[in-house]
1. When residues of segment A:179-200 are filtered for being out of contact with any Pro (no Cβ under 9 Å at 6 or more places or on another chain), more than 16 Å from ligand 2 (Cβ to nearest atom) and not in a loop (DSSP other than H, G, I, E, B), how many remain?
2. Can we say A:E88 is modelled with pLDDT under 95 and either away from every other protein chain (no Cβ under 14 Å) or under 22 Å from A:K236 (Cα atoms) (or both)?
3. Kindly indicate the residue of segment B:9-51 that is in a helix (DSSP H, G or I) and among the small types (G, A, S) and also nearest to B:F213 (Cα to Cα) among those meeting that condition.
4. Check off (1) more than 16 Å from ligand 1 (Cβ to nearest atom); (2) more than 14 Å from every other protein chain (Cβ to nearest Cβ); (3) assigned to a helix (DSSP H, G or I) for A:C218 and give me the number that stays unchecked.
5. Has segment A:164-176 got at least one residue that is surrounded by fewer than 16 Cβ atoms within 10 Å (Cβ to Cβ) and among the hydroxyl-bearing types (S, T, Y)?
6. In segment A:92-109, which residues are away from ligand 1 (no atom under 16 Å from the Cβ) and in contact (Cβ under 8 Å) with a residue 24 or more places away in the chain?
7. Identify the residue in segment B:40-69 that is modelled with pLDDT of 95 or more and among the small types (G, A, S) and, among all such residues, is surrounded by the most Cβ atoms within 10 Å (Cβ to Cβ).
8. Give B:V165, B:V131, B:V151, B:V140 a once-over and let me know the one that is crowded, with 19+ Cβ neighbours inside 10 Å, farther than 30 Å from B:T77 by Cα and away from chain A (no Cβ under 14 Å).
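The values are calculated or read from the model by the stated rules, or taken from the named source; none is laboratory data. The structure displayed is predicted, hence computed values, not measured ones. Here the Cβ is made from the backbone with ideal geometry for all residues, glycine too, and neighbour counts use every protein chain on show.
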Amino acid sequence: MMEEKIQTHKNGTPKRVVIDIKNLKKSFGKLEVLKDVNLQVYEGENLVVLGKSGTGKSVLIKCIVGLMDFDDGNISVFEEHIKDMNPEALSNLRRRTGFLFQSGALYDSMNVKQNLEFPLLRSPTKFSQEEIDKKTNEALSHVGLEKAILQMPSQLSGGQRKRISLARTIVTNPEIMLYDEPTTGLDPVTSDEISGLIRDVQRQYKTSSIIITHDINCVRSVADRIVMLKDGIVYKEGDLASFESSDDQEIKSFFK
Amino acid sequence: MSTKSTKLADIFINLHEKIRSALLDVSNVFLFILNIVKQTFSKGFEFKEFFYQCFQIGYKTLPLVSITGMIMGLVLTIQSRPVLVDFGAVTMLPGMVTVSLIREMGPVITALICAGKIGSGIGAELGAMKVTEQIDAMEVSSTNPMRYLVVTRVLATTLMIPILVLYADIMGILGSWAGANIKGDVTIVLFFAQAFASIEFIDFLPAVTKTFFFGAVIGIVGCYKGYYASGGTSSVGVAANSAVVLSSLLVIIVDVIAVQITDMML
Ligand SMILES: Nc1ncnc2c1ncn2[C@@H]1O[C@H](COP(=O)(O)OP(=O)(O)O)[C@@H](O)[C@H]1O
Ligand SMILES: [Mg+2]
């Protein structure tokens with residue numbers, strides 16, 4: 001069992017826990033993917049989740065927003081158990097959360113502008129068209145792709161798609177960001193740009209984030225803290241330096 | 001000897017697995033339909049998406065349905081004409097062709113064509129949305145994908161297939177008139193008058209009723225196959241393909257049942 005460490009501000013007051021995962025279990029049939037996962041995300045931090053392919057990283061963050069049910073354990077976000085949430089509360093939580101999907105998940109049948117407008121139009125808060133235009137333009141300029149506004153997703157490159165999906169997730173000013181392998185499949189230069197954007201988002205929107213990745217350059221540039229998943233549990237938790245200096249063979253293979 | 005018995009055992013295990021998965025499929029489809037019904041009547045109906053889907057379905061299939069409708073009428077006419085001439089009953093031609101068009105040919109052939117065109121389209125579209133996580137993305141944007149994607153499409157096919165069938169019937173009668181004019185000379189007004197004089201309400205009602213079921217079958221199967229596509233991009237093709245196969249088969253089964261019921265009622 002891992003010792004729970006409370007993070008503190010510089011002046012010693014404890015930081016607020018935004019996402020608290022306790023004894024999380026999830027199986028698919030006979031396949032036990034998550035056996036006993038415990039982790040916390042503190043306010044304002046970037047938590048990197050490392051792990052080999054198929055260790056259940058995507059499953060973990062899908063459980064956090066209720067896209068997947070879990071079998072046992074507890075997840076609370078903003079001090080509320082997500083198992084106890086009614087549909088309204090869950091939808092409210094999802095509005096405060098941005099989810100960057102691994103595949104980008106841009107709506108193929110809509111152009112970039114319509115993609116960005118979608119979350120705003122579906123929100124129970126009604127925005128005027130000017131507000132919507134303002135928010136979409138802001139988000140697009142944040143990712144540096146104002147010129148793509150009328151293009152279809154199929155006309156964009158892989159890196160551009162990722163940036164547009166990032167713009168779509170920040171258009172609603174989320175407080176939590178969940179990134180599923182944001183740089184996988186991109187060239188090194190584009191990967192660095194995305195890593196930079198993740199830092200920008202953290203600074204500008206004051207988000208608390210989970211970043212799933214096995215791109216070590218991305219880890220180095222975005223991580224405030226790292227957990228490594230293995231065999232359905234948190235195998236190691238610590239800061240970048242403790243991972244870099246680890247003698248463990250598993251960890252070394254990531255930090256080559 | 002022993003290999004023979006293991007082979008036999010294999011066959012039974014295989015059969016058992018097949019039956020099990022088929023039953024599981026049936027129960028999943030049943031739950032899927034219940035969910036569709038529930039979502040249809042819960043508040044927040046997606047009118048805009050529904051009308052857009054209706055338009056799409058009509059717009060995509062209109063040329064295809066026009067041509068097949070015409071050809072159906074034309075071929076039926078050319079084939080029946082010599083027989084009717086032999087019996088000296090050529091004046092019955094419009095009526096006969098119209099009745100078989102409206103009762104059977106129009107609904108079944110149009111539904112099969114729509115199963116191919118619309119069913120595969122829905123299967124592929126939802127399948128692609130599923131495997132590229134677009135459905136998940138919708139769900140985290142306060143949108144119920146069942147209501148937004150599935151209910152709208154199922155209702156759109158249920159409404160549009162009957163309309164397309166009626167349209168195909170009319171095109172068929174037009175085609176039949178064209179066929180009749182190859183060897184003979186009938187005005188279009190006279191031809192349509194004869195055609196409609198021969199239809200009775202009792203021909204019409206069961207024929208129209210079953211087309212709603214055809215539409216529902218095409219929508220539900222397409223959505224089900226797409227919505228539960230899993231795995232890589234190849235599953236999109238699988239979803240589209242199996243949507244066409246299953247919905248075509250079900251259209252024919254529904255038709256057989258409808259014919260039996262109509263027969264019993266008369
Ligand atoms: N919907 C599902 N149904 C069945 N198995 C699943 C499902 N989603 C994920 N899995 C399985 O769970 C395991 C972990 O998946 P995932 O979280 O996607 O891994 P990763 O850590 O690479 O993101 C994999 O073995 C995968 O096959
Ligand atoms: Mg993953």
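1. Total meeting the criteria: 8.
2. Taking the combined requirement at face value, the residue does not satisfy it.
3. This residue is B:S27.
4. (1) is the only condition that A:C218 fails.
5. No: segment A:164-176 contains no residue that is surrounded by fewer than 16 Cβ atoms within 10 Å (Cβ to Cβ) and among the hydroxyl-bearing types (S, T, Y).
6. A:L93, A:R94, A:R95, A:R96, A:T97, A:G98, A:L106, A:Y107, A:D108
7. Here the answer is B:G69.
8. Result of the check over B:V165, B:V131, B:V151, B:V140: B:V151.
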